[in-house]
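Laboratory data are not the source of any read-out in this text; all were calculated from the coordinates shown. Everything quoted here is computed from the prediction, not taken from an experiment. A quick note on method: Cβ atoms are made from the backbone with ideal geometry, for glycine too, and the neighbour counts reach across all protein chains shown.
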Amino acid sequence: MVNAAGLNGKPVIEYPPDDLLIDAFNQYARENSGAGLGVEDQLARLELQFKLIIEKSSLYRLRKRLGIESVRKPKRRTEIELRQVVVDLKAGDVSGGWGVTQTKGRLANSKEHILIPRDTLRLILHDEYEHEFDNRFVGKKKKLKHRVPLKALGPYHQEHSDGHEKMSEQGLNIGAGIHLPIYGSKDQFGAFVHALLLMPNVRNAQAIAHYYLDLVENRGCLISMQLTTDMGNEVNEMHKIHQALRDEVAPEFVPPQWPHSIKESSTDNTPIEGFWRWLRNGEGHSTKMTIQSGAASGIFLPHDAIHRQTFYWLWVPLLQEGLDRFREYWNNHKLKNSKGKLNAAGSSPRNMLLNPTSVVATAVDVSIRVNRDSIHRLREAYGGAAGRDKAFRFVSREFAAEADGAYVDLGCPAITLLTAWSVFEQVVAELNKRIDVLE
């Protein structure tokens, strides 16, 4: 008798469109520092993402049919091609701080999606950048402060936020008022970085309020159970917003058992403070060195109004692009286990956020969904769209339009760390021709 319902008594499985599956498998391959998710995690993510429940054998057949590459079966490339993509990527590592693991993860998360076996990459890096291995060796360790291991119930239990000012006015030291501060938020459970943004002023309470409203709305109106920040006054409005949103939809969670927020010293806010070290080693050193070289060589004149505005017009989007790349790399890299660690490890932050029980069987997603209308209402209390624009804008709309026009007239030359100051000089020269318009 014909089984119309399926094969051997099993129901017919409805698969998502191939393009969506290919995107999903490529994302899985980027995680765990480019090593990719294991089979069990891939099956779990397919179920979470598409409600697709299949067996391992079906997963293998599906990957083969779609032509999905992996680090074990990467796309065929010649040795010359592999060396070239590594050299191209390392062009952005001016300080030489990216080792094998970070380079591998960055290649996997690049636009070209390069998957390369670790041993092959190590050989290339030794051949091309042998001196960097010695420079990265840490010969002396500082005495560490005693830490108590942290433990969260699961994703969105405790979220840590802070500002990073290594590229503040004092940090850059290239001119009065020239600064590029960053604000970020990180989940404690699996170290997922929710946001990493350049802002004109990370010490302004109104600006941080808009930062938090954006953060919540952009991730589907979800908030964490608890916010943890440093002790500065700039976080006061963010704490008030968080409390108002949580109390409206989850009044059953009552302090002190479930605090809305906690303030502590920066040195104790370790989940986000420790992340800044990774950022400095990953993007910060190279970026800071390149920016300072422009001032040291006399290309950038901090007292010139056009120079100052062009500096922000050029460097802010370039640096934000780098921060976005680093955040993607970080959320896809494999978080290693360490002695005494109680929070999740052994997989990528993204996988631990989406599939927490894959690493901790008792983990619970404690995210709280808040009302979008309440977010918009609170936004109006902080100046609405105009207040938000002020919180994030480095240069005036008028100047940005003039600089964009000058850039187009120059043929839109590529802007990278290596070319940024050259393009800066060209744009400034073009703008000086239009000085009457600017004045």
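Structure data summary
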{"quantity": "Gap separating the Cα centres of the range 296-354 and the range 184-211, nearest whole Å", "calculated": "12 Å"}
{"quantity": "Cleavage-rule hits, GluC sites (Glu not before Pro), the range 148-257, DSSP coil, Cβ neighbours within 10 Å at most 11", "calculated": "Glu252"}
{"quantity": "3J(HN,Hα) from dihedral phi, the range 296-302, Karplus parametrisation 6.51/-1.76/1.60, rounded to Hz, x for glycine, proline", "calculated": "5, 8, x, 5, 9, 10, x"}
{"quantity": "In order through the range 416-423: 3J(HN,Hα) via Karplus (6.51 cos²θ - 1.76 cosθ + 1.60), integer Hz, x for Gly, Pro", "calculated": "10, 4, 6, 10, 4, 6, 5, 5"}
{"quantity": "Cross-link reach list, aspartates and glutamates versus Lys151, counting only Cα pairs under 17 Å and skipping chain neighbours closer than eight places", "calculated": "Glu159, Asp187, Glu264, Asp268, Glu273, Asp365"}
{"quantity": "Sequence-separation-based contact order of the chain, relative, with Cα cut under 8 Å and 6+ spacing, percent", "calculated": "20 percent"}
{"quantity": "Sequence-distant residues sharing a close amide H with Ala195 (under 5 Å, placed H)", "calculated": "Ser185"}
{"quantity": "Which of Trp258, Pro356, Ser297, positive extreme of dipole for the chain (C-beta unit charges)", "calculated": "Pro356"}
{"quantity": "Contour excess over end-to-end distance, with Cα ends at Thr120 and Ala385 and 0.36 nm allotted per residue", "calculated": "90.4 nm"}
{"quantity": "Cβ-placed point charges (K, R +1; D, E -1), dipole of the chain about Cα centre in debye, nearest 20", "calculated": "1800 debye"}
{"quantity": "The chain: projected area of the alpha-carbon convex hull, averaged over directions, in nm²", "calculated": "27.0 nm²"}
{"quantity": "Sites Thr362 and Lys73, calculated FRET efficiency, Cβ-Cβ separation with R0 35 Å, nearest 0.05", "calculated": "0.50"}
{"quantity": "Net dipole in debye of the range 294-365 [+1 Lys, Arg Cβ; -1 Asp, Glu Cβ; about Cα centre; nearest 20]", "calculated": "420 debye"}
{"quantity": "Estimated vicinal HN-Hα couplings, Hz - the range 71-84 in sequence order (Karplus 6.51, -1.76, 1.60; Gly, Pro = x)", "calculated": "5, 7, 10, x, 4, 5, 9, 6, 4, 5, 5, 5, 4, 5"}
{"quantity": "Rounded to the nearest 20 debye, dipole of the range 15-66 from Cβ charges on Lys, Arg, Asp, Glu", "calculated": "200 debye"}
{"quantity": "The range 82-117: trypsin sites (Lys or Arg not before Pro) falling in loop per DSSP and having at most 12 other Cβ within 10 Å", "calculated": "Lys111"}
{"quantity": "Ranked by how many other beta carbons lie within 10 Å on average, peptides 113-125, 44-56 from highest", "calculated": "113-125, 44-56"}
